[in-house]
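Throughout, read-outs are computed from the coordinates displayed, never taken from laboratory work. Fair warning: this is a prediction, and the values are worked out from it, not measured in the lab. All Cβ positions, even for glycine, are placed from backbone atoms using ideal geometry, and neighbour counts span all protein chains on display.
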Amino acid sequence: MKEKRLYLRNEEEKFEGTAYARQVVRDIRFSTDARDFGYIAENIPCQDACPVYTNIPGYIRCIFENRNGRSYELNRMVNILPGVLGRICSRPCEARCRHGESDLGEPVKICHLKRAAADHKHAGHRISENLFAPSGKTVAVIGSGPSGLGAAHDLAALGHKVALYESMPRPGGMLMYGIPEFRLPRDLLMLEISNILRLGVDLHSGVAAGRDISLKDLLKKYDAVVLTTGTLSPNDLGIPGESLPGVLSGLDFMMRVNQGETPDVGERVAIIGDGFTAMDCARTCMRFGAREVTVNIRKTEEFMPVDEHEIFEAKFEKVKIIGLVNSVRILGKDRVEGIVFERNRLEFSRTGAGRDTVPIGNSEFEVPCDTVIAAIGQNPATDFNDVKFKLDGHRIFTKNGTHATSVKNLFAAGDCNTGASTVIASIAQGRGCAHEVDALFAGRKRKTMLVRFEPAEQTDRQRAWDFIPPVPMPAADRSERLADYRNEVEQGFTPEQALEESKRCYLCYLKYEINVDRCIYCFACIDVAPRDCIKMIHDVAIKPSGAYGDFMQTRDWTDVRAIAIDNKRCIRCGKCYEVCPTQCIHIIKTELIEQDLEA
């Protein structure tokens, strides 16, 4: 009879089905060695690419095991908004996924699987938190966007009393007012924000620092103040005619729409810009009855900072992308009537860092339009009148890579400090700032990052799973998505689709090692390996950071010091483990985790 395993805590397991139940404590180790952090960065590239270091192989494996609640919590303990990010994350992890290497296929749909765990967790799922005792300290967080929510969550969990100030009627910042509802349903957003507020965070909505309450008063009232005010000052085009009625900034347009307005954009709309806001504006205009919407970009599609999926969806909705153009002037008397562009060409930059656009002489052409939307980025709004702090250009200056501003007990995090970035990067900024404030209060760091090692069993991955094609995201058809601005386009994976996609993960957190003391150099593992991942080596390079570098291979048997598994090449098929006659291959689950420090 097969033993039934009941999961208790990370370090314990209990087996039933025998004559008696027995508890086994696994040999779990922790490390702060630079070589181990280097191993994580090299061999679990998806986690290393995530600004908050989400345990991606761990949560995908939980989906495979039908443990969606545990998968959701693995996400939530670091990125705080799994259901939201499962829809609108910029997906830096997928660009680094090893399944996307040239001979392996396409990346795993990591972001869609994050959403699947949020969608399919049990209705009675219990949110878990590791809470510290109340500290008696108070913090005001100004701005409730992703960075402010990240700071408020962690500060509250660390035991501090948090007041969250938001100038708009509802919390969420650009999540609420900058992203269209067809990409991010508002009931889901409010649910995940409520999971943060329930920690005792006091929300003061409709209250703007510098307008309704002075920053000086906040600094007197609270032990610390954290600015997470984002970037709310749109950049100008700097061309004639941009003051005409019918010329809008992308941010103002999206904020009006998300407050319930239905702007009359006419039949022809010209969008200027190549980012997510530009694409959101274009797709929104299609839903408001525009017949022709163009996104006009200075370079070409491959240089756009949005992912291919976003470009595909916009084109599916009949948005046109016009490359290698630059706006010159806007035409009209009492309102926009058209826009003049000139054509560009690309040249290699003198620094070799990319491509530069160069205007082509005598190439101007006119495009008739009813509305022009400039989505060319924003700058931080930093004028609080009563308190002056040092700036770094348009951004709030912070000291030596910290979040501390030039004013005592005033901190800054997110886009107001870094410039416009992504949602996941902003959450990382807010959480990092929270821990910096906590260390100030406590007089020491109370959390740190560690590498956790746990013995693992042979993987049940099947070699055939390497050849499963990516599961396509189900989506509403064009007529349904354009019928109502609120209709969500992406429908989410079914449980069966999520299971199929989860099989594609290589489980890179499993580390295959050869015990050189037991290895007999029989070559069986090398013969059976489907990739060049097991190597004869004579040395290992050491990087300046102290982390291990590349294996130094040799084909001279007299120079072989060890047979080693290159986990950067390994696809965790387990063939080497199965054929080893001496059982000298061991599997170690290797995870980067956040750990509480003892007092």
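Brief remarks on what is shown
- Cα centre as origin, Lys/Arg/Asp/Glu Cβ charges: the stretch 234-376 dipole, Debye: 240
- Shape class of the stretch 511-590 from the alpha-carbon gyration tensor: oblate, with a/c at 1.5 or above and b/c at least as large as a/b.
- Using the Cβ-Cβ distance between Val540 and Ile127 with R0 set to 60 Å, the FRET efficiency works out to roughly 0.85.
- Once the Cα atoms are used to define both axes, helix 34-43 deviates from the longest principal axis of the chain by about 70 degrees.
- Largest-first principal axis extents of the Cα set of the stretch 234-376 (Å): 47, 37, 25
- For the stretch 385-544, the calculated P(r) over all alpha carbon pairs, in 5 Å bins from 0 to the bin holding the longest distance, is 1, 6, 8, 9, 9, 9, 10, 11, 13, 11, 7, 3, 2, 0, 0, 0 percent.
- Computed from Cα atoms, the angle from the helix 276-287 axis to the main principal axis of the chain rounds to 60 degrees.
- Magnitude of the charge dipole, the stretch 511-590, Cβ model with Lys/Arg +1 and Asp/Glu -1, debye to 20: 340
- Sorted by Cβ density within 10 Å, fewest first, the residues Ser135, Ser545: Ser545, Ser135
- Kirkwood hydrodynamic radius of the stretch 433-519, Cα pairs, Å: 18.7
- The trypsin sites (Lys or Arg not before Pro) of the stretch 205-264 that DSSP puts in a loop, and whose beta carbon has at most 11 other beta carbons within 10 Å, are Arg211.
- Sites listed here are GluC sites (Glu not before Pro) in the stretch 431-507 whose DSSP assignment is loop and whose Cβ has at most 10 other Cβ atoms within 10 Å: Glu457.
- Given the alternatives (1) 26.7, 90; (2) 24.3, 76; (3) 26.1, 105, Rg and Dmax of the Cα atoms in Å as computed for this entry is given by (1).
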